[in-house]
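See below for the structure under consideration.
The values are calculated or read from the model by the stated rules, or taken from the named source; none is laboratory data. Given the structure is predicted, the values throughout are model-derived calculations rather than measurements. Cβ coordinates were reconstructed from backbone atoms using ideal geometry, including for glycine residues, and neighbour counts include every protein chain displayed.
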Amino acid sequence: MDNIIRLPNMISTLQTVGCHFGVKPPGWRYERHHHFLFEILHCREGEVIQVVGQDALTLRAGDWLLIKSGVPHETINEASGALYRYFNVHFDLDEPKLRELLCSADYVLLGDDEICPAAGSAGQLVELETIMSRHGEEGDAGMESAIGQLRIQVFLLQVIGKFADKLFTEGPQAATSAFRAPATTSETEIAREMERLLQLYYARKGAISEVARTIGLSRSQCTKIFHHIYGQSPRQYVSALVLSRAKHLLVYSTLTMERIAEELGFESASQFSRQFRRWTGMAPSHYRPRYESKR
């Protein structure tokens, strides 16, 4: 008898913004701010005060911190005479269940032994720093650069996975913060129903308003609940769905650009092309694989 274990088909996007290594002098601070991306901070040397929401944490060498999307935070290097060396990245994922999990606490603090139990992360970070310094922020179109970017993504996904494991096993108790009120059962049910309906209606004009009418709440109420559960607005989620579907059609179908634009709710192929370029930095025609015929 055959015994086959299958992985479901998937298209998943990891967006990274501002991934960098840095060194800051004593007295440096990054003013209180917030944004709608998750953030990971790693202290490589020294220590800083990290204010997240209403909590003040001391981030020491080896510590890793995940900050939830939308939570105000600031960084202060109060150590006298000590440099603060760090690694920082902002990221987003388009998997709703993972987003819900990562949004269940305002922040999570892990030690280096929890991120890389075997030998710590120092060696891997040195490799990443070498890759990034070699290819620069803009990167290049060469194969070596593409492989380097893949290695960076693999490492980041491993780190994100460690934070997700912590939240899954310990829940919001993985961190203590008074900033976020826990979601009610009804809010969670509403957000998940919105997610289901948006997956059906995302290509329609006015999809979010239509979902709100179907559920029986105002659009602003729906937006507030959805953001509370998933850490992103319905509009951001719809954009992620459209982008994911666009990538799928470009890679796995032979549909023309005009037909893809029509299926995704755009008025023209040129409008679709402009939006795809804003999202990815490349034209859809460049994203689509080119197959050379063999004689």
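All told, Q236 falls short of being assigned to a loop (DSSP other than H, G, I, E, B) and within 19 Å of D94 (Cβ to Cβ). If a residue has to be at pLDDT 90 or above, of a type in the set (A, V, I, L, M, F, W, C) and under 16 Å from T13 (Cα atoms) to count, how many in the range 212-240 make the cut? The number of residues fulfilling the criteria is 1.
Anything in the range 246-291 that is in a helix (DSSP H, G or I) and touching a residue at least 40 places away in the same chain (Cβ under 8 Å)? List them, or say none. Residues satisfying the conditions are K247, H248, E263, W279, Y287. None of G231, G281 is touching a Gly at 6+ places or on another chain (Cβ under 8 Å) and either over 20 Å from Y201 (Cβ atoms) or not assigned by TED's automatic domain parsing to the domain that holds E193 (or both) except G231. Here Q50 clears all of (1) within 19 Å of V126 (Cα to Cα); (2) of a type in the set (S, T, N, Q); (3) without any contact (Cβ under 8 Å) to a residue 60 or more places away in the chain except the condition numbered (1). Which members of the range 156-171 meet the condition of being of a type outside the set (G, A, S) and over 14 Å from the mean Cα position of the chain (by Cα)? Residues satisfying the conditions are K162, D165, K166, L167, F168, T169, E170.
Scan the range 47-83 residue by residue and report those that are within 17 Å of G18 (Cβ to Cβ) and part of a strand (DSSP E or B).
Taking the range 47-83 as the starting set, the residues that turn out to be within 17 Å of G18 (Cβ to Cβ) are 50, 64-71, 73-75.
Those that are within 17 Å of G18 (Cβ to Cβ) and part of a strand (DSSP E or B): Q50, W64, L65, L66, I67, H73, E74, T75.
If you check E114, E127 for being under 14 Å from K166 (Cβ atoms), out of contact with any strand residue (DSSP E or B) (no Cβ under 6 Å at 6 or more places or on another chain) and touching a residue at least 24 places away in the same chain (Cβ under 8 Å), only one passes: E114.
Report, by residue number, each residue of the range 212-232 that is within 23 Å of S244 (Cα to Cα) and outside any helix (DSSP H, G or I). Result: G231, Q232.
Only one of these is of a type in the set (K, R) and touching a helix residue (DSSP H, G or I) at 6+ places or on another chain (Cβ under 6 Å): R60, R85, R44, R99. Name it. First the steps, then the outcome.
Working: R60 fails: touching a helix residue (DSSP H, G or I) at 6+ places or on another chain (Cβ under 6 Å); R85 fails: touching a helix residue (DSSP H, G or I) at 6+ places or on another chain (Cβ under 6 Å); R44 fails: touching a helix residue (DSSP H, G or I) at 6+ places or on another chain (Cβ under 6 Å).
Unique residue meeting the criteria: R99.
For the range 132-152, the candidate set comprises residues that are in a helix (DSSP H, G or I) and under 21 Å from the mean Cα position of the chain (by Cα); within that set, the residue that is modelled with the lowest pLDDT is A146.
For the subset of the range 180-211 comprising residues that are closer than 17 Å to E95 by Cβ and either in a helix (DSSP H, G or I) or of a type in the set (A, V, I, L, M) (or both), which member is modelled with the lowest pLDDT? Ranking the candidates gives T188 first.
Residues of the range 16-29 include at least one that is in the same structural domain as V159 (by TED's automatic domain parsing), farther than 30 Å from E187 by Cβ and under 13 Å from the mean Cα position of the chain (by Cα).
Among the residues of the range 96-106, is any of a type in the set (D, E) and touching a Lys or Arg at 6+ places or on another chain (Cβ under 6 Å)? Yes, the conditions are met somewhere in the range 96-106.
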